[in-house]
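The values are calculated or read from the model by the stated rules, or taken from the named source; none is laboratory data. Bear in mind the structure is a predicted one, so any value in this text is a computation, not a measurement. A quick note on method: Cβ atoms are made from the backbone with ideal geometry, for glycine too, and the neighbour counts reach across all protein chains shown.
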Amino acid sequence: METNGKPTSPVISVLGLGHVGLPTALGFAELGCEVIGADDDASKVAVLKSGKLTFFEPGLGPLLTKHLESGRFRLTDKVGEAIRESQVIFVCVGTPQKDDGAADLSQVETVARTIAQNLNSYKLVVSKSTVPAITGRWIKRTIARYAENYRRAASTQHPPTEFFDFDVASNPEFLQEGKAVENIFHPDRVVIGVESDRAREILEDIYKPLKCPIVVVKISTAELVKHAANAFLSTKISFINMVADLCETVGADVGEVAKGLGLDPRIGGQFLQAGIGFGGYCFPKDLRAFIHLGEENGVDCGILKEVERVNLRRPKVFVKKIQKALWVVKGKTIAVWGLAFKPDTDDIREAPSLKIVEELLAEGACLRLYDPQAMANVQRVFPESAEQITYCNSACEAARGAEALLLLTEWSEFKEVDLARVHDVMEVPVLIDGRNFIDPQVAIAAGFEYHSVGREGVDRPVPGFTQR
Ligand code: UDX
């Protein structure tokens, strides 16, 4: 962009201020850009304007305060206004799942139409939401169609309005909840899907301060990279969970198997943590959308159907483990540590913990629940009840009087808890670790009967454990 021959950074708008949009917007502000954050949810915008976050994300609060003060980050619930005032528009709206598994792209379409209506200068429209390949083409077609409509309608009353050019690009976001700020400033790569040099130059310029590889490809390729990345990572998790089940039958240790596997650079050590399965807003939904895309286009995605099937069974496999350890579940008091779908977030969407809680409630267990951040969200799904559900203020409080303790999310604070103290407040010291997070020797030394996933050697009851 040039003004009076002097290059200036384009004003950026970010449409949709959720788990992707807000960190993205604040990230650009931190990189020195002028950013308008827009969301049609006026109450969300009001909360953000007051300097408060609408979800928990480590490190994001200080960035919000900093850039509301620096003036580089403005907020509005008037999406059209944000579009008119910006040259580069990042689309970060939700792409939820429809009943048939396909991605519901209605929010993306609404944004495309709003852009068409507010096309008052050249715009670069960048999709960051995870969308099926060819969505970029639809965004382009939609903007072109509706822009022409609005222009004709306006021209009947006024002199003909000018038609402004626009580009569409795809720039998938790979950030992980709980690590969003770190991921924004230290990405492994930036993928840019473009079809013009102008779009490429603008995006390369925005990302220049980040010292990482920039992969420039076609729009549909960029869209596919994101889906393929999520599908591949999900596959790794289901694979190691299958291996964990095998480990239990042959007496092997899945943690050691994963280590032995992961040291091969062709495999890599990450995302080989066995447990109760993957959840969250992205993996389950994106996997289903990818399978749907394959089916629609006659491509056999059977491998991904198995990944999904293995994952859907994980909570049931874990409940079986609980039943095996406790014999009768009905009427037992069970403490639960961790409810969020992963640590460092309050997000419980598709959290495997919820399915486990649901099954245990159906079995007649009395649950004492604790999560450092996610309890308010869980209470909306499972309200407190005198008979079966008690929300507790600390890990130790949750364990009081319990006949078993389940660890379902690996929050770091659970490593800091004094297990000997926890042992003393429990009725029966049985610890069933769904994330293989606690060192078995530490648990056993504290007097626990310790069970975990895919580590048969330490799953057996410890002879002579102290049961009170
Ligand atoms: C994911 C992708 O990692 C990210 O690149 C994309 O942009 C959005 O989706 P996120 O959903 O935030 O990020 O969480 P992630 O850290 O990937 O974990 C997803 C789920 O997999 C969690 O439930 C986690 O507990 C589980 N998981 C992860 C495992 O069970 N084992 C592992 O080894 C890793």
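Annotations for the structure displayed:
- Among residues of the range 367-418, those that are more than 24 Å from residue 453 (Cβ to Cβ) and either in contact with a Ser or Thr (Cβ under 6 Å, 6 or more places away or on another chain) or outside the structural domain of residue 324 (by TED's automatic domain parsing) (or both), counted: 1
- Close pairs (8 angstrom Cβ cut-off, 6 or more residues apart or separate chains): assigned by TED's automatic domain parsing to the domain that holds residue 410 and free of Cβ contacts under 8 Å to residues at least 40 places away in the same chain in the range 429-453, of a type in the set (Asp, Glu) and in a strand (DSSP E or B) anywhere: 429/449; 431/449; 443/433; 450/433; 452/433
- Unique match (being farther than 15 Å from residue 14 by Cα, more than 22 Å from the chain's Cα centre (by Cα), of a type outside the set (Val, Ile, Thr) and outside the structural domain of residue 347 (by TED's automatic domain parsing)) among 59, 51: 51
- Residue check for residue 231: within 16 Å of the ligand (Cβ to nearest atom), within 27 Å of residue 20 (Cβ to Cβ), out of contact with any strand residue (DSSP E or B) (no Cβ under 6 Å at 6 or more places or on another chain) and touching a residue at least 60 places away in the same chain (Cβ under 8 Å): yes
- Candidates are the residues of the range 166-200 that are of a type in the set (Gly, Ala, Ser) and either closer than 18 Å to residue 212 by Cα or without any contact (Cβ under 8 Å) to a residue 24 or more places away in the chain (or both); the one that is surrounded by the most Cβ atoms within 10 Å (Cβ to Cβ) is 170.
- Meets criteria (under 21 Å from the mean Cα position of the chain (by Cα), within 16 Å of the ligand (Cβ to nearest atom), surrounded by fewer than 18 Cβ atoms within 10 Å (Cβ to Cβ) and among the hydrophobic types (A, V, I, L, M, F, W, C)) for residue 90: no
- Among residues of the range 262-290 that are more than 24 Å from residue 223 (Cα to Cα) and more than 9 Å from the ligand (Cβ to nearest atom), those with a Cβ under 6 angstrom from a residue that is among the hydrophobic types (A, V, I, L, M, F, W, C) and assigned to a loop (DSSP other than H, G, I, E, B), sequence gap 6+ or separate chain, pair up as 262/272.
- The range 419-428: number of residues that are assigned to a loop (DSSP other than H, G, I, E, B) and within 19 Å of residue 453 (Cβ to Cβ): 0
- Check on residue 252, near the ligand (Cβ under 10 Å from one of its atoms) and closer than 12 Å to residue 455 by Cβ: no
- Restricting the range 201-227 to residues that are without any contact (Cβ under 8 Å) to a residue 40 or more places away in the chain and among the aliphatic types (A, V, I, L, M), the residue that is nearest to the ligand (Cβ to nearest atom): 215
- Hits in the range 334-376 - residues which are basic (Lys, Arg) and within 16 Å of the ligand (Cβ to nearest atom): 342, 349, 355
- Test: residue in the range 323-331 that is buried (at least 19 other Cβ atoms within 10 Å of the Cβ), within 16 Å of the ligand (Cβ to nearest atom) and not polar (S, T, N, Q): no
- Exactly one residue out of 268, 298, 279 is in a loop (DSSP other than H, G, I, E, B), under 26 Å from residue 374 (Cβ atoms) and not assigned by TED's automatic domain parsing to the domain that holds residue 129, and it is 279.
- Being within 16 Å of the ligand (Cβ to nearest atom) and not hydrophobic (A, V, I, L, M, F, W, C) is a property that residue 97 has.
- Which numbered condition residue 311 misses (of (1) under 21 Å from residue 414 (Cα atoms); (2) within 13 Å of the ligand (Cβ to nearest atom)): (1)
- Residue within the range 179-186 that is touching a Ser or Thr at 6+ places or on another chain (Cβ under 8 Å) and small (Gly, Ala, Ser) present: no
- Every pair of residues 6+ apart whose Cβ atoms lie under 6 Å, when the first sits in the range 332-344 and is on the phi > 0 side of the Ramachandran plot while the second is polar (S, T, N, Q): 338/409
- Some residue of the range 206-222 being in contact with a Ser or Thr (Cβ under 6 Å, 6 or more places away or on another chain) and either assigned to a helix (DSSP H, G or I) or at pLDDT 95 or above (or both): yes
- No other residue among 299, 319, 357, 336 is at pLDDT 95 or above, farther than 25 Å from residue 20 by Cβ and surrounded by fewer than 19 Cβ atoms within 10 Å (Cβ to Cβ) apart from 299.
- Some residue of the range 37-50 being part of a loop (DSSP other than H, G, I, E, B), surrounded by fewer than 17 Cβ atoms within 10 Å (Cβ to Cβ) and in contact (Cβ under 8 Å) with a residue 24 or more places away in the chain: yes
- Odd one out for residue 290 among (1) part of a helix (DSSP H, G or I); (2) touching an Asp or Glu at 6+ places or on another chain (Cβ under 8 Å): (2)
- Any hit, the range 128-140, residues being more than 16 Å from the ligand (Cβ to nearest atom), surrounded by 13 or more Cβ atoms within 10 Å (Cβ to Cβ) and among the aromatic types (Phe, Trp, Tyr): yes
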